[in-house]
Amino acid sequence: MYLQLHAYACGAFKRAAGHEMGQAWKEISGLHRKVLSIFAANSFKDVFWLGSRINHSCLPNVAFSYNPAIKHGTFHAIRDLAAGEELTVEYISDDKLAQPTIYNDSKSNEEARGLSLRMAAMQKSEGLVGPELSETYHKVASYSMRMMELQMALLWAEKVVEVDRYCVGEDHPDFVQTREIVEKIRQTARESVPFDKLALRWLFRPTEPTEPGFRNPALLIAAFASLCRLPGGPAVT
């Protein structure tokens, strides 16, 4: 059945395969070239008899992820599907598609949050409701926390959980961890319990790859922890 799948290999893949095998692409046997080309054209790190036949869309209705808890790749619908509707998925990996916008020090946290809110609104209006929307929600939560607006940070952190739930499923370890972290944030916001360090690290995860002053999350956590020791501030455990 594998050999019935579509085969295609771009020039970069051919060069990489030839390098690994120690011979030019044309010198590799026809059968081996076909096997490799099928993998190149259909792989989600693994090749699936049905899943690999799902076409690409820039506005997909399905999200793919590997779930280490069950040791399987999974496909989850990220919106309601009509009967007979074609399933589509992004072929571009999420980490490449959801690159953070670089504001550097030209934007305040408030301005950066406003731009992230506009981005989230545009993503939803265009139907981009997959992992990239979760990434944007996280940025809003992070900027809110940097503005010391804990309730607002919690609001958007809860939205991250909502999106991750339908993107990867409740049994995915990443979702389980995010849900636990957001619950810790909720407890701090609503019950005044000490702020968990893991939750702070999640909230203060750098939103920009070259963001001045935020390259070391530990510095942010230490700064926030010192603020928390002021009268009325949440404690940190």
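Modelled label-to-label distance, E126 and K71, 7 Å Cα→beta-carbon offset: nm?
Reported label-point gap for E126 and K71 is 3.9 nm.
If R0 is 22 Å, what FRET efficiency do you get for R186 and L117 from their C-beta distance, rounded to 0.05?
Efficiency, rounded to the nearest 0.05: 0.55.
Name the long-range amide H neighbours of T88: under 5 Å, sequence gap of 5 or more, or other chain; modelled H, no Pro or chain starts.
The answer is N61, V62.
Once all Cα-Cα distances of segment 129-184 are split into 5 Å bins that start at 0, what whole-number percent is in each one?
The percentages, shortest bin first, are 4, 24, 30, 24, 13, 5, 1.
Nearest 5 is fine: what % of DSSP beta bridges in segment 4-145 come out antiparallel, could you say?
75
Can you give the extra length, in nm with one decimal, that the chain gains between H19 and Q4 once fully stretched, where that is 0.36 nm per residue apart less the Cα-Cα distance?
2.8 nm
None of the figures in this text is laboratory data; all of them are computed from the coordinates on show. Treat the numbers as computed from the prediction; the structure is a model and nothing was measured. All Cβ positions, even for glycine, are placed from backbone atoms using ideal geometry, and neighbour counts span all protein chains on display.
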